[in-house]
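For reference, the structure is listed below as structure tokens.
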Amino acid sequence: MLTKSLIPALASLALLGACATATPYQAASPSDRGYSSQKIESNRWIVSFSGNSLTDRQTVETYLLYRAAELTVQSGHDYFNMVRRATDADSSLVPVGGSYAPYYSYFDPHYRFYGPRGRIVHPYYRDPWGYYDPFWGGPNEYREVTRFEASAEIMMGSGPKPDDPAYFNASEVLANLGPSIVRPTN
């Protein structure tokens, strides 16, 4: 009997642990963030990388650069130029904590609904008669969550790299950034 309840608990704990990590270098899917690319012409692509709230801006931009170099080598080219590049930040406020203490669940179930004085009380509002219960309806705390998404239009070329700092040698980018790339663990 204990085993039947222990397995789902461990599985849900593993899922929660997976949500608490930064976005690894992976292809984006409907349920995960990551990189995506779209071919526009034979040597021109749009590349993007989207991170979760634990992935910082520098990591998102590094993964974008790495993906551009990887795509350039896969396409048989030697260098690339980022024609257009942008990083967007999406910030939002999320509530932290609950409106009542977890040990209230040990009280009679009517306490949650009727409150400490036997009247119906909504947990997010103060009592209309001026009574205040610190476990019901205290002010919520909020924290800011920011997610970054970097995108670029790249143009690839073959042969010797032009003597311009806007051009990147794809194989050198892969060699230099490769050790800092975090891949999925599964």
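The values are calculated or read from the model by the stated rules, or taken from the named source; none is laboratory data. This is a predicted model, so every value here is computed, not measured. All Cβ positions, glycine included, derive from the backbone under ideal geometry; neighbour counts span all protein chains shown. The protein model used for the area step is the full one, side chains on, heavy atoms only, and it has no ligands, DNA or RNA in it. Shrake-Rupley method; radii C 1.70, N 1.55, O 1.52, S 1.80 Å.
Odds and ends about this structure:
- Check on Val47, of a type in the set (A, V, I, L, M) and part of a helix (DSSP H, G or I): no
- Output for the range 73-93, where each listed residue is open to solvent by 90 Å² or more (accessible area, probe 1.4 Å) and under 17 Å from Ile46 (Cα atoms): Gln74, Arg84, Arg85, Asp88
- Selection status of Ala27, surrounded by fewer than 12 Cβ atoms within 10 Å (Cβ to Cβ) and modelled with pLDDT under 60: no
- The number of residues in the range 156-182 being in contact with a Phe, Trp or Tyr (Cβ under 8 Å, 6 or more places away or on another chain), surrounded by fewer than 12 Cβ atoms within 10 Å (Cβ to Cβ) and not in a loop (DSSP other than H, G, I, E, B) comes to 1.
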